[in-house]
Structure formats: structure tokens, C-alpha cells
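The structure appears below as C-alpha cells.
The values are calculated or read from the model by the stated rules, or taken from the named source; none is laboratory data. In this text the structure is predicted, and so the values were computed from the model without any measurement. Note: ideal-geometry Cβ built from the backbone for every residue, glycine included; neighbour counts use all protein chains shown. Accessible surface is based on the protein model in full, side chains and every heavy atom, while ligands, DNA and RNA are left aside. Shrake-Rupley method; radii C 1.70, N 1.55, O 1.52, S 1.80 Å.
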Amino acid sequence: MSSHTKTNLDGVHSDVKVVERPTKERSHDLFLRFLGLSLTLVATILVGVDNQTKVISYAEMKFRATAKWEYISAMVFFVVSNAIACSYAAASLVITVMARSSGTKKSDLTDLVITALDLVLMALLFSANGAACAVGIIAQKGNKHLQWMKVCDVFDAYCRHMTAALVLSVIGSTVFLLLVLHSVLKLHYRSRS
């Protein structure tokens, strides 16, 4: 709050108090952060609890085989990346809500750090999605040249859950991309005014 002395045309002085209202941050940012939190949380839970055990017959032998995400390093990367993104989305959502509810404007440094972290998490999620997708394609189609068999023919429920988690994570990655674009546009409009 600042106080200014203003001179009127009649030569009369008056003390005018100017109260600066913090600009309301649009609810887009909060909605996108909540959406990113929800999508990455559900993707993490879907993969984290997913496993399937089947009895497989091969050359007159029967054995039990279990498909779990811990057995494939790309899926471990996928789960850990989604868990990190979920945790970060929760923390950034709390920071954004606290700044909004206290009525104070977030500092430019806070905006810059959050935008940089949004960018890092977006890249992390897209790379984890790429790794999980590559393994998923091999599990779905196999590789005849390397004599890798199709796995999704046997572990169909496991593959369906992985596919659903991958779709949710890709949408979550896109949400983080939208957060970065939202921040860049905010910066652009702030620099023009």
C-alpha cells in the first residue's frame, strides 16, 4: 500500500491511498495442476498394483509365470517418473493455492522455478512414456528377428492395464506441456504490459 499526495486543479491537496490488488491467477493453472496430479497418480497406481500369473505350457512342460512391472526396467522408470510427477504436481498445487489464498502475488522467481520444474517433469514423463511404449510394442507384437515371443497373448489383462496407464501418462505429459505453454504465455503478456 502506498500513499500519494495529489494536487487538484484548484490547488487543493488530498492524500489518496492506492491499494494494489493482486491480480487473480487464472484457474487454468490450478485445474491443469490438479489434472496432472490425478492422471499421474492413477497411472502410477494402475501399474504399481498390476500383476498377472498364468500357467504356461511349453514343449510338454507347464510352469507358472508372473508378469510384474518390477521385472522390466522401462516399467520401473515409468512408475518412478509418474510418482515423481505426481508428487511434484501435488507440491506445486499447494504452493499455487497458498499463494492465491493469501492474496499475495507469487514472485517472479517462484514462477520461474515452477515453470522450469514443469518443463523438467514434462521431459521426464515423455521419456518414460517412450520407454514404456517401446517395451509395450515388443510385448504386443514380439520380434521375429530376435525370436522374442508375444507376451500380451498370454498376459492380456496385464497388457490392458499397462496400456491404460500409458494413455493416462501421455495425457498427463501433455498437461505438463500445457502448463509450460501457459507459463510462457503469461510471461509474454506480462512483458508486453
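Remarks
- L121 being open to solvent by less than 80 Å² (accessible area, probe 1.4 Å) and under 16 Å from the mean Cα position of the chain (by Cα): yes
- Test for F77: is it free of Cβ contacts under 8 Å to residues at least 60 places away in the same chain and under 15 Å from the mean Cα position of the chain (by Cα): yes
- Qualifying residue in segment 82-102 (condition: open to solvent by less than 70 Å² (accessible area, probe 1.4 Å), more than 20 Å from A164 (Cβ to Cβ) and without any contact (Cβ under 8 Å) to a residue 40 or more places away in the chain): yes
- When segment 64-78 is limited to residues that are β-branched (V, I, T) and out of contact with any strand residue (DSSP E or B) (no Cβ under 6 Å at 6 or more places or on another chain), the one that is surrounded by the most Cβ atoms within 10 Å (Cβ to Cβ) turns out to be I72.
- Scanning segment 140-193 for residues that are in contact with a strand residue (DSSP E or B) (Cβ under 6 Å, 6 or more places away or on another chain) and either of a type outside the set (A, V, I, L, M, F, W, C) or closer than 21 Å to F126 by Cβ (or both) yields G142, Y158.
- Residue count for segment 23-46, restricted to those that are within 30 Å of D111 (Cβ to Cβ) and either open to solvent by 60 Å² or more (accessible area, probe 1.4 Å) or in a strand (DSSP E or B) (or both): 9.
- Top-ranked residue of segment 129-148 - restricted to ones that are polar (S, T, N, Q) and assigned to a helix (DSSP H, G or I), ranked as farthest from the chain's Cα centre (by Cα): Q140
- Some residue of segment 100-108 being out of contact with any Phe, Trp or Tyr (no Cβ under 8 Å at 6 or more places or on another chain), outside any strand (DSSP E or B), closer than 30 Å to D156 by Cβ and at pLDDT below 80: no
- Test: residue in segment 164-177 that is part of a helix (DSSP H, G or I), within 18 Å of K54 (Cβ to Cβ) and open to solvent by 20 Å² or more (accessible area, probe 1.4 Å): no
- Filtered residue count, segment 47-63, keeping only those that are aliphatic (A, V, I, L, M) and either open to solvent by less than 70 Å² (accessible area, probe 1.4 Å) or over 18 Å from K150 (Cβ atoms) (or both): 4
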